[in-house]
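Below is one structure, written out as C-alpha cells; comments come after it.
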C-alpha cells in the first residue's frame, strides 16, 4: 500500500541523494494527480491542444434554422439559414509554483516538510479549480482582477456578463435572460422558475427557443442550508412541500447535485459570504450544452531540478528546488445553457 504524502518519512528523505529525493516527490505528485477529484470538471469542455499549439484558441457559436419549410411541387426546397453568432477566444496563461526545501527544513521535524510538500503538490490543480469556479463567482460581472493583479475578461461573446437579463441575439433584436427573476433563495418554487427560463428564454440566435435539458443543480458549500435544501429536493422520495408522504417527489434524481467550495470567494480565494446562497441550473451534458471551454496547453506537471555536481544542492543557499507548472485558459461563448439566482 502506498504511503500517503501526508505521512512522509522525513528521516528517509534526509538520508537519500537528490536523485532519490526528487524521484520520491515526483511520485507523490503523480499519485496526487491520479486520485485528485476536480469539483468543477463538468463545468467546462476541456481540450488539450498541446504545448506547441497557438497561444490563442477561438471558439464559434454556430446556429442554423431549426425547422424545415413547405416544399411545393417542382420548387426547390428552402435552404436553412446558417450563421456564426458570437465568438470567444481562449488565451494561454502560464501558472507555476516553486518549492525550495532548505537545509533547515530537511533536518527539522517531519510535519514541516510534509506540509510543504502537500502545499506544493496541490498548488497548481487548486489554482485551476479556483479559475474555473471564478467564472461563476464573477458571472454577474464582465471582468475581475485576479490574485496576481491581472484583469480577467469573463464576458461572453456578446460582451455581457455570463448571467444577464438582456443577452442580445446575433440575427434578431430579441434578447433573452438567464437570471431567475427576483433572485429567490433555492426552493421548489424557485427551481421551477429556473426550469421555466430554460424553456422560454433560452433562444438561438434567430430568436427561437432551444431545447436544452439542464443536468446539474449547483450550490455553494459556504451555505449548508442551501446545500441541504438542494439535497432534500433531489433525493427525497416524497414531495418536500407536502405533509402527505404519499405525494411523489417528481424532482427525485432529476438533476445531479454539484456542490462547489470556491465560488463564494473573492479574487484571492478568501470567503465571500455575500455569494454563499447563489445557485445555478446548468446543462452540462451532451452536445447541446453550455458552451464553456477550457483549453489546456500544459497539463499540471512537475519540473524537478536535475541533480548536479553538488548532489542537487544550490551552493549559494543549500536549497533543493522543485517546480510545478501548467498553462491553460477559459472562455464561455454564450449564456445559453445556464441560469442563476443571486440569492442573498
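What follows is calculated from the coordinates using simple rules that are stated; it is not laboratory data. All values derive from a computational prediction rather than experimental measurement. Don't worry about glycine lacking a Cβ; one is built from the backbone with ideal geometry, like all the others, and counts go over all protein chains shown.
Stokes-Einstein diffusion of region 59-138 at 20 °C, 1.002 mPa s viscosity, Kirkwood radius from Cα pairs, rounded to a whole number: 115 µm²/s. Calculated on the alpha-carbon coordinates, the convex hull of region 127-192 measures out at 118 cubic angstrom per residue. Note on residue 321 and residue 37: the extension gain reaches 99.5 nm, defined as 0.36 nm multiplied by sequence separation minus the Cα-Cα distance. Size descriptor for region 111-160, Kirkwood hydrodynamic radius: 12.7 Å (Cα pairs only, one decimal). Against the chain, whose longest principal axis comes from its Cα atoms, helix 18-35 is set at around 20 degrees. Annotation: region 36-93 has a Kirkwood hydrodynamic radius of 15.8 angstrom, from the mean reciprocal C-alpha pair distance.
Ordered by the number of other Cβ atoms lying within 10 Å of each residue's own Cβ, fewest first, 188, 124, 151 fall into the sequence 151, 188, 124. Taking the Cβ-Cβ separation of residue 98 and residue 143 as r and a Förster radius of 25 Å, what is the calculated FRET efficiency to the nearest 0.05? E between residue 98 and residue 143, to the nearest 0.05, is 0.30.
At full extension, residue 118 and residue 68 could sit 12.2 nm farther apart than now, given 0.36 nm per residue minus the alpha carbon distance.
Multiplying each eigenvalue of the alpha-carbon gyration tensor of region 171-212 by 5 and taking the square root yields semi-axes of 23, 11, 5 Å, largest first, rounded to whole angstroms. Comparing 140, 65, 178 in a Gaussian network model of the chain where C-alpha atoms under 10 Å apart are linked, the largest mean-square fluctuation is found at 65. Of the residues 189, 142, 226, the one with the fewest other Cβ atoms within 10 Å heads the list, and the complete ranking is 189, 142, 226.
Most fluctuating residue of 123, 187, 78 in a GNM of the chain with Cα springs under 10 Å: which is it? Comparing 123, 187, 78 in a Gaussian network model of the chain, the most mobile one is 78.
Dividing the convex hull volume of the alpha-carbon atoms in the chain by its residue count gives 201 Å³ per residue. Label sites at residue 150 and residue 54, each approximated as a point 7 angstrom past Cα along Cα to Cβ, lie 2.0 nm apart. Only Cα pairs within less than 10 Å get springs; with that Gaussian network setup on the chain, which residue of 121, 180, 35 has the largest fluctuation? Comparing 121, 180, 35 in the GNM, the peak value goes to 35. The fewest-to-most ranking of 177, 261, 334 by surrounding Cβ atoms within 10 Å reads 261, 177, 334. Here is how the number arises for the chain: DSSP H runs of 4 or more residues each give -39500 (n - 2.57), the sum is divided by the residue count, and the result at 222 nm is -7500 deg cm²/dmol.
Between 0 and 90 degrees, the angle of helix 188-200 with respect to the longest Cα principal axis of the chain falls at about 70 degrees.
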